[in-house]
């Protein structure tokens with residue numbers, strides 16, 4: 001008898017006999033060929049398996065499991081994972097499948113059920129499990145290649161893995177500053193945020209577009225659909241951040257002023273987190289324009305006080321003037337340090353024909369290419385969806401919650417340069433293609449950077465001529481550690497240069513900036529269509545290509561003229577250098593970069609780890625009262641009504657006064673009497689002398705006030721000034737007596 005049975009009750013003779021019979025059946029059945037269609041459903045490779053939980057001292061578990069398996073004619077496959085006392089037993093027929101599976105099951109179940117060491121047992125069945133992936137019933141989702149590219153895997157924004165972890169933008173509100181948002185359509189209405197919306201063109205809270213014959217005004221609606229289109233509603237498309245809230249500010253469907261633009265940038269800035277601005281000055285290759293004084297001030301205020309003190313995020317498109325050799329450094333919105341400038345690449349990862357390049361571009365994402373390539377699908381009314389026309393406007397909505405982290409993307413036509421801090425940048429693609437997976441992973445461990453530090457040089461008066469090619473004008477300014485000591489700046493983020501240049505043809509100028517490390521930024525490109533004779537007047541160029549580098553050192557500005565001597569040479573009147581950065585040292589930048597690279601591998605996204613978010617500041621939104629057209633009409637009507645009744649009352653008073661007469665016949669008498677015509681005559685008569693019989697000075701005289709409610713005359717001096725009131729005894733008129741007015 002095996003030793004593990006010693007502490008257990010002996011089996012009955014009947015059970016021993018039963019076990020021997022069943023064992024013989026299994027051995028004989030193992031030689032019977034079997035072709036059963038149900039075999040694959042019973043175990044892999046025809047095996048029958050049981051999970052068995054044994055109850056025994058820990059040091060005896062392995063031996064008991066071996067003996068029980070041998071007694072039952074099974075094979076001990078070992079312990080199940082890390083569960084002590086749990087084993088997997090299997091029946092493996094030799095060469096042929098088993099025919100009597102039901103008999104075998106019954107026999108094993110009977111054996112295990114009656115065995116004292118078996119706590120429980122369970123035959124293993126195949127479980128049906130399906131991989132959990134996203135399935136959308138939106139009809140145009142298969143055409144949204146920029147979200148999930150089945151045709152060219154990997155050439156998309158890599159967002160589906162983020163969705164699977166329930167990161168969909170919930171808790172974030174994105175406002176589309178454009179020509180309005182048609183928020184009643186099925187794809188937008190559930191995510192619409194009325195509290196974050198406004199119509200500045202009509203001065204009312206509803207940003208509904210006003211289509212006309214010339215313009216359908218669908219641009220803002222398309223952008224809104226690309227951001228937050230509701231999934232699984234059998235309608236149109238799926239938004240990049242379909243869990244976010246979407247608001248609209250209608251401002252581009254009418255005359256636009258600096259003040260209106262400024263209001264749009266800060267409208268509901270404690271409700272709206274991100275401002276998507278897929279517009280800008282004309283992309284005609286000859287315009288130099290951007291936000292004016294109020295717009296710049298509101299942008300700065302937004303990034304300081306918006307979003308509960310964390311700062312509003314302004315996302316702008318780089319522009320569509322590539323076919324005109326335009327450059328986004330001539331666009332003041334894309335050139336601003338307060339905006340996130342996003343460019344475009346097509347499905348192949350190349351720069352499209354319409355895209356602009358510049359030194360201030362931060363990143364790129366997908367948009368449409370030429371006619372042979374697929375475009376971006378988005379929401380539109382009255383049809384379900386539209387293959388949107390190519391343009392960088394398609395890129396802004398995709399960057400709805402992205403921190404400034406991206407992945408370099410290969411483009412054989414782009415030129416990449418690596419700066420002193422180890423960041424690679426291209427004038428065509430910024431720091432690279434946005435990758436939602438990496439961005440969200442980085443956000444899990446993201447901590448706020450130090451406060452912005454800045455340095456502004458003196459205005460450097462030059463008055464120097466700009467030579468024609470091959471010569472060039474070079475000016476420089478050295479920034480010393482003493483210059484940066486007050487602000488504490490150590491590393492760079494943005495570098496800005498403000499220039500005043502006179503030139504007979506502005507498009508002939510090329511302007512380059514060299515940082516102390518030698519990193520070159522082409523901040524002003526030549527433009528064949530720009531024939532403006534006024535040059536640049538205090539225009540600011542900026543670059544991000546020196547991000548993370550040391551701030552101190554010599555900055556060089558190089559200007560050259562590609563024209564010829566048929567035009568008079570230009571002149572650099574003055575320039576000024578402005579540095580923006582932080583107190584981080586280069587070592588701090590390296591450490592942050594290492595942490596982000598580690599996080600972007602996906603280490604934290606699959607776990608519950610996340611750094612706590614600070615609470616933010618309680619900044620009440622300024623309540624601006626705007627007089628609408630209806631309110632103005634109401635006030636005008638009320639004003640007219642008030643004026644009418646004022647004139648009516650004055651006329652009535654005048655007509656009433658005309659009914660009062662003076663008896664001039666008594667003017668020669670010592671007393672002047674007056675009367676009022678009416679139901680009873682009432683008059684006041686001046687008595688000679690004062691109340692005590694005192695005589696009055698000859699320069700004084702009494703005069704009865706013309707107010708019928710006065711009952712006492714007044715003493716006046718020669719100039720008519722009231723000196724005092726003279727009391728009288730009650731007049732007989734007031735006592736109801738009949739008296740004669742004239743003697």
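The values are calculated or read from the model by the stated rules, or taken from the named source; none is laboratory data. All values derive from a computational prediction rather than experimental measurement. Glycine also receives a Cβ, built like all others from the backbone with ideal geometry; neighbour counts cover every protein chain displayed.
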Failed condition for residue 180, given (1) under 22 Å from residue 139 (Cβ atoms); (2) within 19 Å of the chain's Cα centre (by Cα); (3) assigned to a loop (DSSP other than H, G, I, E, B), with all others met? (1)
Of the conditions (1) farther than 18 Å from residue 329 by Cα; (2) surrounded by fewer than 20 Cβ atoms within 10 Å (Cβ to Cβ); (3) modelled with pLDDT of 95 or more, residue 549 satisfies every one except a single condition; which number is it? (2)
When the residues of segment 191-200 are narrowed to those that are over 15 Å from residue 221 (Cβ atoms) and either at pLDDT below 95 or not in a loop (DSSP other than H, G, I, E, B) (or both), which ends up nearest to the chain's Cα centre (by Cα)? 196
Checking 153, 190, 194 in turn, the sole residue that is out of contact with any helix residue (DSSP H, G or I) (no Cβ under 8 Å at 6 or more places or on another chain) and more than 30 Å from residue 249 (Cα to Cα) turns out to be 153
Looking only at segment 36-54, and only at residues there that are assigned to a strand (DSSP E or B) and over 16 Å from residue 115 (Cα atoms), the one that is modelled with the highest pLDDT: 49
For segment 197-227, give me each residue that is surrounded by fewer than 14 Cβ atoms within 10 Å (Cβ to Cβ) and more than 14 Å from residue 252 (Cβ to Cβ). 205, 213
Note: among 121, 146, 135, just one is under 30 Å from residue 244 (Cβ atoms) and in contact with a strand residue (DSSP E or B) (Cβ under 7 Å, 6 or more places away or on another chain), namely 146
Quick check on residue 564: is it over 21 Å from residue 426 (Cα atoms), out of contact with any strand residue (DSSP E or B) (no Cβ under 6 Å at 6 or more places or on another chain) and modelled with pLDDT of 95 or more? no
Which of the following residues is under 25 Å from the mean Cα position of the chain (by Cα) and either in the same structural domain as residue 432 (by TED's automatic domain parsing) or more than 24 Å from residue 273 (Cα to Cα) (or both): 186, 128, 151? 186
Could you please let me know if residue 424 is closer than 21 Å to residue 547 by Cβ and either touching a helix residue (DSSP H, G or I) at 6+ places or on another chain (Cβ under 7 Å) or without any contact (Cβ under 8 Å) to a residue 60 or more places away in the chain (or both)? yes
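Table: residues versus (1) buried (at least 22 other Cβ atoms within 10 Å of the Cβ); (2) outside any strand (DSSP E or B).
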{"site": "443", "(1), (2)": "no, yes"}
{"site": "462", "(1), (2)": "no, no"}
{"site": "477", "(1), (2)": "no, no"}
{"site": "496", "(1), (2)": "no, no"}
{"site": "504", "(1), (2)": "no, yes"}
{"site": "510", "(1), (2)": "no, no"}
{"site": "522", "(1), (2)": "no, no"}
{"site": "527", "(1), (2)": "yes, yes"}
{"site": "531", "(1), (2)": "no, yes"}
Criterion (assigned by TED's automatic domain parsing to the domain that holds residue 222, modelled with pLDDT under 90 and either in a loop (DSSP other than H, G, I, E, B) or surrounded by fewer than 22 Cβ atoms within 10 Å (Cβ to Cβ) (or both)) met by exactly one of 372, 351: 372
